[in-house]
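The values are calculated or read from the model by the stated rules, or taken from the named source; none is laboratory data. What you see is a predicted model, and the numbers here were worked out from it, not measured in a lab. We place every Cβ from the backbone using ideal geometry, glycine too, and count neighbours over all the protein chains shown. Keep in mind that these areas ignore ligands, DNA and RNA; they rest on the heavy atoms of the full protein, side chains included. Shrake-Rupley method; radii C 1.70, N 1.55, O 1.52, S 1.80 Å.
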Amino acid sequence: MNKTKKLVDTIVEGIQEKKGQDITIINLEGIEGAICKYFVICQGSSPTQVEAIAESVGDYCREKESEKPAHVTGLESALWVAIDYVDVMVHIFVPDMRAYYDLESLWKDAPQKKILDEG
């Protein structure tokens, strides 16, 4: 398994650890001009959960993959947190912000994989 796909799997683990919901992985490798190789999108039910998911993703990536994000934005309000791992962008939303920005439709021409919620 290549390093980027392993990072995506670790990010998903970190999301699931804090009960993040409706996880979608968008493969942007075949999209010309895409800013990264993968988007990992999920949601938490509240800003508190969004912040917890972001922290969990950071911890998992640091501990399991020795990866630190290039940039994190959105923690102030925790309505939409974006974590930039260069090849992988993680987007953690509260439900209404996710519906409003609808990143899945924006990148609908890229292969998408839904991860079933645990439990």
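A few notes on this one:
- For the chain, a simple Cβ point-charge model (Lys and Arg +1, Asp and Glu -1, everything else neutral) yields a dipole of about 220 debye relative to the Cα centre.
- Loop trypsin sites (Lys or Arg not before Pro), region 37-119, which have at most 11 other Cβ atoms in a 10 Å radius of their Cβ (DSSP): K108
- The loop-placed GluC sites (Glu not before Pro) in region 13-119, going by DSSP, that have at most 13 neighbouring Cβ atoms within 10 Å of their Cβ come out as E29, E32, E76, E118.
- Pairwise centroid distance, computed over Cα atoms, of region 89-109 with region 15-75, Å: 12
- Here the relative contact order of the chain, from alpha carbon pairs under 8 Å that lie six or more residues apart, stands at 32 percent.
- Surface composition of region 1-93: carbon and sulfur make up 47 percent of the accessible area, probe 1.4 Å.
- Solvent-accessible surface of protein heavy atoms, probed at 1.4 angstrom with all chains present, puts L116, L79 in the order L116, L79, largest first.
- Over all Cα atoms in the chain, the spread is summed up by Rg and Dmax: 13.0, 37 Å.
- Over region 58-118, Cα pairs under 8 Å with separation of 6+ residues give a relative contact order of 19 percent.
- Solvent exposure of the chain, expressed per residue, is 56 Å² of accessible area, with all protein chains present and a 1.4 angstrom probe.
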